[in-house]
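Visitor: Just passing along the structure, written as C-alpha cells.
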Amino acid sequence: MHKKFISCLIASALAISVEPIYNKSDIVLADTIENQAKSFNYDSNKLYAVNTYKSPKMDIENPRTTIDIRSKSYKVSGWALNDSIVKQINVYIDNTLVGQATIGLPRPDVTAVYSGYNGGSNCGYEYTIDTSKLSIGSHTLKVTAVGNDNSTIEKSVSINIVKPIPRMDIENPRNSLTFSGKSYKISGWALNDSVVKQVNVFLDNKLVGQANYGKPRADVTAVYSGYNGGSNVGYDYDLDLSKVGTGNHTLTVKSIGNDTSVSEKSVDVYINSNVPMPRMDIESPSSSLTLTGKSYKISGWALNSSSIKQVDVYLDNIRIGQANYGLPRADVTAVYSTYGTGSNCGYNYDLDLANISKGNHALKVTAVGNDGAVSEKTVSINIDKLQPRADIESPLQNTTVSSRSYKISGWALNDSSIKQIDVYVDGTLNGHASLGISRPDVTAVYSGYSSGPNCGYDYDLDITKLITGTHTITIKAIGNDNSVTERSSSITVVKPQPKMDIEYPGADGSLIIKTVTLSGWALNDSGISQIHVYVDDILVGDATPGLSRPDVDAVYSGYLNGITCGYNFTFDSTKIKNGSHTLKVVSYGVDGSSVSKSKSIKVMNNDTVYTNYTGTISQVSDIQYRTNSSVYYDSTKQYPWVSASKDQIAYYLNPQNFSDDYGKYQFLKLNYTYGITAADLDSILIGKGVLQGKGSVFLKAAQDNNISPVYLVSHALLETGNGTSALATGINVTQVNGQSVEPKVVYNMFGIYAFDSDPNRFGSEYAYIQGWTSVDSAILGGAKWISNQYINNSFYKQDTLYKMRWNPSNPGTHQYATDISWAYNQIYNIKRLTDKCKNAVLIFDIPVYQQ
C-alpha cells in the first residue's frame, strides 16, 4: 500500500491521471541492484557537475620557431579550436592586421587529441604572407582566432626577412672631379629588391631634381643577380651648372625602394661655372652690440650674379620678416664689379625690440638669389629692458574658500606689454585672466613700463571643479616678447562630502531576474559627471543621471543640482552567470571626487547545465534491463504492462533523443523556481476550493523547502480534487492508530500516507501526528515532507523528472517508476502550468554519458 502511495505522490504532483497499478509499475527499491552498479564504478553519493564549455586552443605549426624567409611569399598554417566554432582567424605582422586566414581545413589529427569541440574536425587554417612588402630584419607574426562567442586566443612567433641589400653607385662624376660648362650629365645605377621607386639628386644637401631611372644595365645585373626589377637599373640626370656657383660642392644621389629603404652615395666635385660666388654683409648692428628702445634698423648689402630674390631676417633661427632690398650702394658694386646686377644692392629692416625678450640673441640675415643660392651672416646682439614684475593680491596664502566661485586678482608689468596671463590650478592650465584693469597705484611705484597704468587683471575661478583640500594657484604673465613672470598662492577648498545610495535593489542579496532598472541618487557639490555601474568589479555600463529627486534635496539641502540627483540604469542580468554577485555603483563629481556603494545581488535566469556521469548509454541501459524493473504500456495485450527491451530502455534513457523545446522539460530542475509570484499562483488557483487565494502560502512553502511552487500547486490540485476533498476541507480526528486522542480538525493537501485502503483515515491520522490543523500548515508541512523524499534528498538529490525515473548517479536503484516513458509523459502538465508564470526562471540539467 505504501508503495502505491509513493507512486501516486509524484504523478499527482504533475497533475496527471495515475496509471493503472500493476506489479511492474510500482516503485522499485531494489537495493540489491547496487552491487551490479558498482561494477561500473558508479558512486551514488556524488553527482559530477561540469561546465561543457571547453577553453579555446590553437597553434601556429608553420613557422613554429624563428626562421629566415628569402622567398616573396610564405604560407602560415596551423589549427584553432573553439567550442562556439571559430568565426575568423586574423593574421598580424608587428601588430598590424595584414589579412584573414582561410579556415575550415580538415585536421582529424588535431581532433583526435582534442576531442569534443564543435566544428573540431575542420579546425585547420592557412594564410599566404606577401613578404615582398616587408622590410629586411626581424618581425613578429601573430595569429588570433576569434570564436562566434567573440572569445579569442592568440599565438606569436618571430620571422626574419632576408633580402639582397639595396645597392647603388655614382659612376659619373667620380670623386674629386673638376668640371665646367652649362650642364653635366650625372649617371650610375641602383638596385633594390622591392624595385627602385625613384632616384633623387642633391647638391650641397639640397634636392635639385629626380633622375631618369630605368636605363638598360645588363652588366650590373650580371654581377648583382637576383634583384627584382629586371636589368633596367641605370639612371642619369642633367645638372644645370648655370645655377651653381663656382667652387667645391657635394653631389649626393639617393635611391629609394618601394619598401621605403634608401641607399645613397656622395662625391665631392669642383664646379667652374664662371659665376661669382654670392656675397652679403650685416653692417648694422655690429656683433655684441647692446640694443635699447622700441626698435632698431638693421642694414647691409647682398650680391648674386642671378640677382637677389629676397633678404630674410631671423632671430634665434626663427624667421621674423623680410628686409627691404634694392637700396643704392654704389660703394659696394665699385668693389665687386663682376656681378652685373647694378648698384642697388643695399637692404634694411626695422627690428621691433618690444617683442624681443631681454638678453642675448642671434640675429641672422639670409640673401636668396634667383638661382636659389643662399648666403647668410649672423651677429650676436644684447637686448636691455626693464625687469618684468607681477603679483597675486587675492587670494592671500592659505585662504579658505567655501563658495562655488572665487575671483583671483593682481597686476603684471612687462616692458614689452602683457600679451596674456594664464591661470593654473595645481599645475594645470585653468583659463586666461581678463587684462587692462586700471591700476595707477602700481604704475606710481613702478614707472616707465609699456603696459602703463592699466596693468591689473582678474579671473573668476570655478570652485565646483576643485576637490576638497588645498590647491596651488599660479599665474603666468606673458609679455609680447614671450618673457614669463609667474607667482603662486594657495587656497583651501571646503565642500560638503559627496553622498549616494542604491535604492533598488533594496536589500543585500536581492534577486535579479532578466532585465531590471537599478535606481538611486548621488550628490556632489561640484555636480555629477558620470555614474559607473560594476558587477564583480567589471564595468557593465553608465547610469543615466539628472533625474528629479526633490525628496533627497529636501533632506540633504545645499548641494549643486541636488533637486536632480536621481539616476537609473537598465541592467540585463542575462549576460551574467547565475549566482551571487557584488553590485557596485560609483558616482564621480565634476571635480574628480567619487563615492561608491555596494550591495550583494543574486542573479537567476534561464540556464542549461550539463552533468557528467560515468558509464555509457549502453552500459547503463544494460543495468536497467538486468534489474527487470523497466516496463512499457502495450494496449494490445491483455495485461498491457510488459517488460521493455534493452533498445527501448536505451532510447528513453538517452537525453539526446529529447533535446527539443518540449522534451527537455523532463530535465527541468524541480528545485525552487525563481520569478514566480504569489499572483501567478493565485491565478492558477482561482475556483480551486480551499486552495483559492493560497498563492502566497505555496510560494513560502516552495521557498522554505527549495521546491518549485508550480510543482507543489499541481500536486495539491490533483490530490485534493482541486481543493474540494475531505482531506482538503478538514477531517475531525478522534483516534490515531486505534487510540483515543483530543479531537482536532486536520488537513492533508498532498495525500501524504493516504493509503488506498482507507485514504481519509490514514491521511488524516498522519496529519494529526504532524499537527496540520490548518490549510496553511498542511501546505507548509507537506512541502517539507515532499522535499526530503526525492527533490532535496540528502543522498539521492533526484531533482528532475529524468533523475526520478533513471537515477543516473546510481542506475537501477531508488527509481520512482518502472514505466520507461514515465518522465516524458509528465511533461505536458508541468509545462502547461509553468507557461502561465511568464517570468519563471527555468534551469535545465542535461545528463552527459560517456561516449
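Visitor: Please tell me which of these pairs span more than 22 angstrom C-alpha to C-alpha: K197/K243; K133/K163; K133/K197? Walk me through the intermediate numbers first.
Guide: On the way: K197/K243 27 Å; K133/K163 11 Å; K133/K197 13 Å.
Flagged as over cut-off: K197/K243.
Visitor: So, in nm, how far is label T250 from label S740 when the simple model puts each one 7 Å beyond its Cα toward the Cβ?
Guide: 13.1 nm
Visitor: Please compare each pair in K577/K664; K577/K803; K206/K377; K182/K206; K669/K744; K803/K838 to a cut-off of 31 Å on the Cα-Cα distance and tell me which ones are over it.
Guide: K669/K744
Visitor: If r is the Cβ-Cβ distance from Y639 to F795 and R0 is 41 Å, what FRET efficiency results, to the nearest 0.05?
Guide: Efficiency for this residue pair is about 0.75.
Visitor: I've got another one for you. What shape does the range 734-851 have by the C-alpha gyration tensor, where a ≥ b ≥ c are the square roots of the eigenvalues, rounded means a/c under 1.5, and otherwise prolate means a/b greater than b/c and oblate the rest?
Guide: On the way: a/c = 2.58, a/b = 1.84, b/c = 1.40.
Cα axes put the range 734-851 in the prolate bin.
Visitor: Based on DSSP, what percent of beta bridges with both residues in the chain are antiparallel, to the nearest 5?
Guide: In the chain, DSSP labels about 90 percent of beta bridges as antiparallel.
Visitor: Only helical DSSP H runs with n ≥ 4 go in: add -39500 (n - 2.57) per run for the chain, normalise by residue count and round the 222 nm mean residue ellipticity to 500 deg cm²/dmol.
Guide: Values: 18 runs with 142 residues, N = 851.
Mean residue ellipticity at 222 nm (helix-derived): -4500 deg cm²/dmol.
Visitor: Another one. Using only the alpha-carbon atoms, how far is helix 695-705 inclined from the longest principal axis of the chain? Give it as 0 to 90 degrees, nearest 10.
Guide: 80 degrees
Visitor: Round to a whole angstrom and tell me the spacing of the C-alpha centers of the range 92-165 and the range 522-586.
Guide: The range 92-165 and the range 522-586 have Cα centres separated by 44 Å.
Visitor: In whole Hz, what ³J(HN,Hα) sequence does the range 478-491 give by Karplus (6.51, -1.76, 1.60; θ = phi - 60°), x for Gly and Pro?
Guide: 10, x, 5, 8, 6, 5, 10, 10, 10, 9, 9, 8, 9, 10
Visitor: Another question, then. When I843, I356 are ordered from fewest to most other Cβ atoms inside 10 Å of their Cβ, what list results?
Guide: Lowest to highest Cβ neighbour count: I843, I356.
Visitor: For the range 507-603, what class follows from the C-alpha gyration tensor (a ≥ b ≥ c being the square roots of its eigenvalues): rounded when a/c is under 1.5, otherwise prolate if a/b is larger than b/c, else oblate?
Guide: prolate
Visitor: Next question, about the same structure. Label points 7 Å out from Cα along the Cβ direction at Y270 and S71: separation in nm?
Guide: The modelled label-to-label distance comes out at 5.7 nm.
Visitor: Roughly how tilted is helix 709-719, in degrees to the nearest 10 and between 0 and 90, from the longest Cα axis of the chain?
Guide: 20 degrees
Visitor: What length, rounded to one decimal in nm, is gained on full extension from Y662 through to D109, with 0.36 nm per residue of separation minus their alpha-carbon distance?
Guide: The span from Y662 to D109 would gain 195.3 nm if fully extended.
Visitor: By the gyration tensor of its Cα atoms, with a ≥ b ≥ c the square roots of the eigenvalues, what is the shape of the chain: rounded for a/c under 1.5, prolate for a/b over b/c, or oblate? Don't skip to the end; give the middle numbers.
Guide: On the way: a/c = 6.00, a/b = 1.94, b/c = 3.08.
Since a/c reaches 1.5 but b/c is at least a/b, the shape of the chain is classed as oblate.
Visitor: Work out how much length N172 to Q530 would gain on full extension: take 0.36 nm times their residue separation and subtract the Cα-Cα distance, in nm to one decimal.
Guide: Between N172 and Q530, full extension yields an extra 121.8 nm.
Visitor: Which aspartates and glutamates, on any chain, are close to K142 with Cα under 14 Å apart, when same-chain ones fewer than 8 places away are left out?
Guide: Leaving aside aspartates and glutamates fewer than 8 places away in the same chain, those within reach of K142 are D59, E61, D94, E126, E154.
Visitor: Give the calculated FRET efficiency between F179 and S295 to the nearest 0.05, with a Förster radius of 51 Å applied to their Cβ-Cβ distance.
Guide: In this case the efficiency is close to 0.55.
Visitor: Same structure, new question: Cut-off under 29 Å on the C-alpha distance; same-chain residues fewer than 8 positions from K419 excluded. Which lysines are left, in chain and number order?
Guide: Partners found: K294, K297, K358, K364, K385, K407, K465, K476.
Visitor: Calculate, for D236 and K133, the FRET efficiency according to 1/(1 + (r/R0)^6) with r their C-beta to C-beta distance and R0 35 Å; round to the nearest 0.05.
Guide: Efficiency, from the Cβ-Cβ distance: 0.75.
Visitor: For a quick protection proxy, order the peptides 805-811, 86-92 by their average other-Cβ count within 10 Å, most packed first.
Guide: 805-811, 86-92
Visitor: Students often forget the sequence filter, so: which aspartates and glutamates lie under 13 Å Cα-Cα from K185 once same-chain residues fewer than 8 apart are removed?
Guide: List returned: E171, D236, D238, D240.
Visitor: Of the chymotrypsin sites (Phe, Trp or Tyr not before Pro) in the range 611-679, which ones lie in a loop per DSSP and count no more than 15 other C-beta atoms within 10 Å?
Guide: Passing sites in the range 611-679 are Y662.
Visitor: Let me ask you something else. With everything on Cα atoms, drop me the angle between helix 775-786 and the longest principal axis of the chain, reported from 0 to 90° to the nearest 10.
Guide: 80 degrees
All of the numbers you see were taken from the coordinates with simple rules; none came from a lab. It should be emphasised that the depicted structure is a prediction, and the values quoted were computed from it without experimental measurement. Cβ: placed from backbone, ideal geometry, glycine included. Neighbour counts: every protein chain shown.
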